[in-house]
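Read through the structure below, which is laid out as structure tokens, and then see the notes.
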Amino acid sequence: MVRLEFLGALSIVGSSGVLVETGSERIVFDYGTNIQELPPTFPHVVKGKIDAVFLSHAHLDHSGGLAILMKKNPCTIYAAAPSKQMVQMLLKDSLKIAKHEGIRLPFTTKDAQSAINNFKHIEYRKPITIGNTKAITYAAGHIPGSMMTFLRIGNNKTQASSKRKKRKYNTLLYTGDFNTKDTQLINGSDTRLPELDILITESTYADREHPDRKKQEKELIKIVQSTLANDGIAVVSNFAIGRTQEVLLILGKYGIDYPLYIDGMAKKATTIINGHPQALRDPTSLDKALRKVHYITNERQRAKIIKNPCVILTTSGMLSGGPVIYYLQKLYEDRRSSLTLSGFQVPGTPGHTLMETGRLPLEDCERKIHELKLKMSVRRLDFSSHVGRKEMFAFIERLNPKKIFCVHGDNTPKFARELRDKGFDATAPLPEKRVFDLA
Ligand SMILES: [Zn+2]
Ligand SMILES: [Zn+2]
């Protein structure tokens, strides 16, 4: 019997975590946080010893709770490069933000470091054995170092040769976040996946299509070029990991030849990613694009660069903090300048409020909220690194699993219903029903 306990991401995007009990091994996929909540929330507690963790990728909604998990259940965390360095950066940043906000996280810097010490690098497509279970990871195409994990349960020879009745469910794939299409930065997910019984899939864009990628790229270039032609400052606010580098490559591809700056956590993320060329689609392109970039680290430099037309890539992706706030406070009334958001804005975030109302809510040093009414032009584009609806269904149809679990989406019950209408056995784990015994 295989028992699956879904620890989080139950019809939400956040707090990913799944415990798989094979009968002899206990394996956890991801242990994240819900970054939309303050204080952040974490997946359900895992009781008892675990044998291994497989981390699908570095994003905090998958990795943010690892330090808590490791305190009670220390074991090896398998991850593909450069996830370890990125998680280290993100956990450190989480602790810094929490301190700034006056919030106590349920882990310390020391706990975070001991979690980091448990990381072990795993290569895509190189099988490893955990007790009686064989694990293989595949490129997931989401961000550098993202991986899907495949388990073959009952790999042990004595078990295989025993006369016990063959189980219905012997294989399982956990997708983590994935993208089947190539982006400028990385290749799409591995298409040569084995046959499988159980699929645990992310569902972020199961209900919507992405706009045409090429058109989005052209739109970005148009905004940047017209801003520069007007002597303005083109601010592009991105997620630090993956998105900043993707936008940088697009600017390089179209030959934007103006001073180009990277500010905030994006700087460190870019350095880490560029140190792992094997994780990139074209290892030389990022290096080449970076030759034009100047890194900005302090306010004096910030004040200086906004005196002349330039392009600034900065964080945060949803305007909830980071150096973008400095630039907006200085430029919000400048009609020549522009702000581009390169990703989805979760409802409740300042970026979402800005897109809905044209006003950006900001907290002053006394924690009072005031609003900036932006006169600079504001656009949101979609450079998502998640699989879109059409490709998601094609992916599932190709794999044709016996059983599907839908997690990591705003409305997973609807997605599971649609899959059932197509003849699949699909379920959306929910807070009230999150443990499944599969005979
Ligand atoms: Zn992700
Ligand atoms: Zn995610």
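The values are calculated or read from the model by the stated rules, or taken from the named source; none is laboratory data. Everything numeric here is computed off the predicted structure, so don't read it as measured data. Neighbour counts run over all protein chains shown; Cβ positions are idealised from the backbone, glycine included.
If you take the residues in the range 170-194 that are among the hydrophobic types (A, V, I, L, M, F, W, C) and more than 13 Å from ligand 1 (Cβ to nearest atom), which one is surrounded by the most Cβ atoms within 10 Å (Cβ to Cβ)?
At the first step, the residues of the range 170-194 found to be among the hydrophobic types (A, V, I, L, M, F, W, C) are 172-173, 178, 185-186, 193.
Okay, now just the ones that are also more than 13 Å from ligand 1 (Cβ to nearest atom), so 172-173, 185, 193.
On the way: LEU172: 28, LEU173: 22, LEU185: 26, LEU193: 17.
Applying the filter and picking the extreme gives LEU172.
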Quick one: what pairs do we get from the range 56-77, first residue farther than 12 Å from GLY8 by Cβ and within 16 Å of ligand 1 (Cβ to nearest atom), second of a type outside the set (A, V, I, L, M) and part of a helix (DSSP H, G or I), C-beta under 7 Å, 6+ apart or different chains?
-> SER56/HIS62; HIS57/SER83; ALA58/SER83; LEU60/SER94
Which of the helices (runs of 4 or more DSSP H) contained wholly in the range 317-404 include at least 2 residues that are more than 16 Å from ligand 1 (Cβ to nearest atom) and closer than 30 Å to GLY423 by Cα?
-> 389-399
For the range 327-343, does any single residue satisfy the condition of being within 30 Å of TYR205 (Cβ to Cβ) and modelled with pLDDT under 95?
-> yes
Just checking, which of THR244, THR271 is assigned by TED's automatic domain parsing to the domain that holds HIS352, closer than 25 Å to THR297 by Cβ and either modelled with pLDDT under 95 or surrounded by fewer than 22 Cβ atoms within 10 Å (Cβ to Cβ) (or both)?
-> THR271
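Filter the range 365-422 for residues that are aromatic (Phe, Trp, Tyr), in contact with a helix residue (DSSP H, G or I) (Cβ under 9 Å, 6 or more places away or on another chain) and away from ligand 2 (no atom under 16 Å from the Cβ) and give the result. Explain how you work it out, then say what you get.
Initial filter on the range 365-422 (aromatic (Phe, Trp, Tyr)): 383, 393, 395, 405, 415.
Filter once more, so that each one left must be in contact with a helix residue (DSSP H, G or I) (Cβ under 9 Å, 6 or more places away or on another chain): 383, 393, 405, 415.
Hit for the range 365-422 is PHE393, nothing else.
One line per residue, one yes/no per condition, for (1) surrounded by 13 or more Cβ atoms within 10 Å (Cβ to Cβ); (2) out of contact with any strand residue (DSSP E or B) (no Cβ under 7 Å at 6 or more places or on another chain); (3) hydroxyl-bearing (Ser, Thr, Tyr):
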| position | (1), (2), (3) |
| --- | --- |
| PHE344 | yes, yes, no |
| GLY348 | no, yes, no |
| HIS352 | yes, yes, no |
| MET355 | yes, no, no |
| GLY358 | yes, no, no |
| GLU363 | yes, no, no |
| ILE369 | no, no, no |
| LEU374 | yes, no, no |
| ARG380 | yes, no, no |
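May I ask you to verify whether ASN298 is more than 30 Å from ILE122 (Cα to Cα), in the same structural domain as GLY358 (by TED's automatic domain parsing) and free of Cβ contacts under 8 Å to residues at least 24 places away in the same chain?
So ASN298 passes the test.
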Which is surrounded by 23 or more Cβ atoms within 10 Å (Cβ to Cβ), not aliphatic (A, V, I, L, M) and not in a loop (DSSP other than H, G, I, E, B), of HIS62, HIS57?
-> HIS62
Mind counting the residues in the range 84-103 that are outside any helix (DSSP H, G or I) and free of Cβ contacts under 8 Å to residues at least 24 places away in the same chain?
-> 1
